[in-house]
Amino acid sequence: MGIMKSAVAAVYNASGKFLSQSGTPNSGDDFWYNPVGMDNHSGVRITPDIALKASAVYACVKVLAETMGSLPLRMYRELPGGGREEASNHPLDELLRFQPNQTQTAVDFWEMMMLHAALRGGAYAEIIPGARGAVDQLLPLHTDRVTPERMRDGSLRFKVADPRNGMTRVLLQEEVFRVPGLSSDGISGLRAIDLASEDIGLGMAADAYASRVFSNKLNIGGFLIHPKTLSNEAQKGLVQALMERFAGINNTHRPIVLQEGMKFERAMMDAKDAQLLEARKWQTILVAQRFRVPLHMLSIDDQTNRSTVEAQAIDFVKYTLRPWVKRIEQAIRRDLIVAKGTYVAKFNLEGLLRGDSAARANYFGAALGSSGRAAWMTPNEVRAIEGMNPSDDPRANLLGGMAESSPANMAVTDNTPNGRADRLIRKEVAAIRKSSMRLADNPDGFRQWVTAFYGGHCSFVMETLDIPKDAARVYCDFQRDECLAANNIETMLTRWEEDKAAEIAATLEKRNEQ
C-alpha cells in the first residue's frame with residue numbers, strides 16, 4: 001500500500017487534479033494505440049516506431065518501402081489464347097498507377113503500405129466506392145489500430161480504432177484491402193519487429209552505450225613527450241604554436257620539427273572501443289538478415305560474400321521483393337478486381353533484374369534468335385523492355401524478325417529453298433497467331449491488321465525468297481486474301497505449318513531450273 005500511495009501522490013496534487021508527467025503522450029497520441037513493446041534482455045522497449053530509430057531497421061525498411069513504391073504496376077487483360085495486354089482503360093489502372101486517394105500519390109501509398117507490412121506484419125486500406133466504381137479510393141489504415149476477426153461463416157471483419165474520437169467502427173471483408181505478411185494463422189502476419197526485438201534492442205543498447213562512452217571519454221589525437229618538465233606557460237605556447245601551424249585542412253601533411261629531444265606518439269583506439277564498433281556492426285548484420293536486405297544496400301562492406309554486387313542485387317529482387325510482389329498482386333485480385341478471370345494486376349520487375357550491358361546484349365541476342373537459335377521475342381518486345389519506342393519496320397513485330405539479315409547470322413542461315421520457305425512461313429504463322437489472340441474480340445481490327453501486315457511484308461518476302469518485287473506482291477496478296485477468307489484462323493495456320501513451306505520450296509526449285 002505504501003508503494004501505491006507514493007505513486008498516486010506523485011501525480012496527484014492538493015487540488016485533486018492529476019499532473020501530466022514530462023514526456024507523457026497526450027490522449028490522442030499513437031502511443032496509446034500501440035501494443036506494449038516486447039521485453040528483451042537488453043532492457044530496451046521495442047515497438048515498431050521505436051525500432052525505426054535504429055539505423056539498421058530504418059535503412060532496411062526504407063529500402064523495401066521505396067523500392068516497392070517505385071515499381072511499375074499495371075492492369076492487364078488476359079487474352080483467350082494466352083498472354084495479356086495492357087488494360088489502360090480499366091478504372092483500377094489509374095488508381096493503382098497514379099493516385100489511390102485524394103491526398104496520396106501511388107508512390108506515397110505503396111511506400112506506406114510496405115512500411116506497415118515490413119514492420120507490423122501486414123497492411124490495410126479501406127475501400128471507398130465512388131465515381132470510378134466499387135473501388136474509387138484506397139484509404140490506408142494504421143495497422144496497430146486494426147483488429148481482424150474471423151466470423152462464424154469463415155469471412156473476416158475488422159475493428160478499426162479512430163484516434164480522433166476514441167470510437168471503434170467495424171469494416172467487413174469486402175470493405176478492406178489487406179496485404180498480410182508471413183502468417184501462422186492465415187489472418188494476421190507475424191510482426192518482424194517482435195521477432196527481432198532481441199537483435200534490435202541489443203543494437204540500440206550498444207548505440208546508447210557508445211554515445212555515453214564517447215561523450216564522456218577523452219579523445220586525444222596524440223601525445224608530445226618532452227624529456228624535461230615544461231612550465232604551464234611553455235605547454236600552452238607549444239600547443240598554440242602547433243595548432244596554428246598544423247591544424248586545419250590547409251595544413252594537412254606539413255612536416256614538423258621537434259626540438260630538445262621531444263617525441264610525438266599517435267593515440268591508438270583501444271581494444272574495448274574496437275570491440276564495441278564490431279559489436280554494433282554485427283547487430284546491423286543480424287537486422288539485415290531478418291529483413292533479407294543485402295549489406296551493400298546498407299553501406300556495409302561485406303567481405304565474406306564472394307558474389308558480385310550485381311548478383312546480390314538480383315538476389316534481392318528474387319528472394320526479398322518477389323514474395324511481397326506476389327502477395328500484393330494476389331491481394332489486389334482478391335479484394336479489388338471484380339472480373340477475376342479477365343483482368344490481373346502485375347508489377348514489372350524487369351528493370352531491377354537487368355544485368356550489365358554485355359549480359360543484356362547476350363540475353364536479348366538469344367531471345368531474338370541469334371546464331372540460328374529459335375527466337376522467343378520480337379525486336380519490338382525487346383525495345384519495349386529497354387524503354388525504347390517501337391520500330392516501324394514490319395519485321396520488328398515478327399519472331400526472329402531481322403535476325404537473318406545480320407552479318408553474324410548469314411553464315412549459319414539455311415539458304416536452300418526449303419530453308420528460306422520455312423523461315424518465311426514460320427514468321428507469318430507466328431505473327432498472325434499472336435495477332436489473332438490479341439484481337440480475338442475485335443474481328444474488324446484483326447482484318448485491318450492482316451491488310452497492313454501484308455502491305456508491308458513485300459520487301460521481306462523479296463529478300464527471303466530472292467524473287468522480284470512483282471512476284472513478292474502477288475504472293476502477299478494471295479496470302480492476305482486466304483487469311484481474310486478463312487473461317488478458322490488456327491486451322492489455316494496449322495495447314496500452313498504442315499504444307500505451305502513445301503509448296504513454296506517446290507515453286508522456288510522450278511523457278512531455279514528455268
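No value in this document is a laboratory result; all are computed from the given coordinates. Because the structure is a prediction, the values reported are computed rather than measured. Neighbour counts are summed over all protein chains in view; Cβ atoms, including those assigned to glycine, are modelled from backbone coordinates with ideal geometry.
Would you mind getting me the FRET efficiency between N362 and K510? Use the beta-carbon distance for r and R0 = 41 Å, nearest 0.05. Given R0 = 41 Å and the Cβ-Cβ separation, E is 0.45.
Taking the number of Cβ atoms within 10 Å of each Cβ as an exposure proxy, the fewest-first ranking of Y363, Y124 is Y363, Y124.
In summary, the aspartates and glutamates within cross-link reach of K469, defined as a Cα separation below 15 angstrom excluding same-chain residues under 8 places away, comprise D477.
The distance between label points at R334 and D466 comes to 6.2 nm (points 7 Å beyond Cα on the Cα→Cβ vector). Around R84, what is the net charge, scoring Lys/Arg as +1 and Asp/Glu as -1 over all other residues with Cβ under 15 Å from its Cβ? So the surrounding residues net to -1. Other residues whose C-beta falls under 12 angstrom from the C-beta of R383 contribute a net charge of -4, scoring Lys and Arg +1 and Asp and Glu -1.
Once the C-beta distance of Q448 and E175 is scaled by a Förster radius of 51 Å, the resulting FRET efficiency is 0.70 to the nearest 0.05. With 0.36 nm allotted per residue and the present C-alpha distance subtracted, the E482-A384 stretch has 32.1 nm of extension available.
Here the label points at I285 and L224, each 7 Å from Cα along the C-beta direction, are separated by 4.2 nm in the simple model.
For the peptides 57-69, 485-497, 111-123, 171-183, the ranking by mean Cβ contacts within 10 Å, running from highest to lowest, is 111-123, 57-69, 171-183, 485-497.
The label point for Q235 and the one for T494, both projected 7 Å from the Cα toward the Cβ, are 10.2 nm apart. Which links in K159/K326; K427/K510; K427/K500; K53/K281; K281/K318 stretch past 18 Å when you go from one Cα to the other? Exceeds cut-off: K159/K326; K427/K510; K281/K318. Take every Cα pair under 8 Å whose residues are at least 6 apart in sequence, average their separation, divide by the length of the stretch 365-513, and the relative contact order is 22 percent.
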